[in-house]
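Visitor: One structure coming up, written as structure tokens, with questions to follow.
The values are calculated or read from the model by the stated rules, or taken from the named source; none is laboratory data. Values in this document were obtained by computation on a predicted structure and should not be read as measured data. Counting neighbours? That spans all protein chains shown, and the Cβs are built from the backbone with ideal geometry, glycine included.
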Amino acid sequence: MSETRPQSGETLDAAPPRKRRGKKLLFLGIFILLLAGGGFAAWQFVPGLADKTRTAAGRAEPAEPLAAATKPVFIDLPEMALTLPNNGHPRQMRIKLSIELAKGTTEKGAAEALSPRVYDALLTYLRTLRDGEIDGGLGLDRLRADLFRRMDLVMGPGVLRDVLITSLVLA
């Protein structure tokens, strides 16, 4: 058995190289999938990342601040004490109200809610109540609706969102 050695200029045919190209492509594909999956998970679960990337890309959407969008504005009115006419047997009433301002209402709306005109409208209405008008759950609902209607007329449309009765005592 003689080995033939290549002479100068001749090449020896070696065994074909192993195919590692398929493994490299497989590992590269897995790496790209893991990288894309990590990016998607960060996009979904990291708070504010989506907004920051939109801002950086120049496609920012105008958004309201979360505090202004989620928290309503309430104003507590001072407690009012008055005497109700009750067919010759007067009753005392103490009522405390909170009002909720509509979204986008400025400080002007808050100052308007505390004006003497609002108190005058409320007291004028409350002093005309009769004995049985407040009794029961429906009576309180009607009272709230009437208070809302009168305050809405005084303050103007779109300023007031709701009227809440926080305390009511009849004696």
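Visitor: Restricting the first residue to the stretch 133-152 and requiring it to be farther than 22 Å from residue 91 by Cα, which pairs with a second residue that is of a type in the set (Gly, Ala, Ser) and outside any helix (DSSP H, G or I) meet a Cβ separation below 9 Å and a spacing of at least six or different chains?
Guide: The qualifying pairs are 152/158.
Visitor: When only residues in the stretch 157-171 that are in contact with a helix residue (DSSP H, G or I) (Cβ under 8 Å, 6 or more places away or on another chain) and either at pLDDT below 90 or of a type outside the set (Val, Ile, Thr) (or both) count, which is surrounded by the most Cβ atoms within 10 Å (Cβ to Cβ)?
Guide: 160
Visitor: It is to be established whether one or more residues within the stretch 100-108 are at pLDDT below 85, loosely packed, with under 11 Cβ neighbours inside 10 Å and closer than 12 Å to residue 155 by Cα.
Guide: Yes, the conditions are met somewhere in the stretch 100-108.
Visitor: So if I check each of 55, 11, which one is of a type in the set (S, T, N, Q) and modelled with pLDDT under 75?
Guide: One residue alone meets the criteria, 11.
Visitor: Here is a further query. Could you please let me know if residue 141 is surrounded by 12 or more Cβ atoms within 10 Å (Cβ to Cβ) and either under 29 Å from the mean Cα position of the chain (by Cα) or part of a strand (DSSP E or B) (or both)?
Guide: Answer is no for this residue.
Visitor: Then there is this: Taking interchain pairs and intrachain pairs at least six residues apart, which have beta carbon atoms under 6 angstrom, with the first residue in the stretch 71-98 and free of Cβ contacts under 8 Å to residues at least 40 places away in the same chain and the second loosely packed, with under 14 Cβ neighbours inside 10 Å?
Guide: Close Cβ pairs (under 6 Å, with a partner that is loosely packed, with under 14 Cβ neighbours inside 10 Å) amount to 81/94; 90/83.
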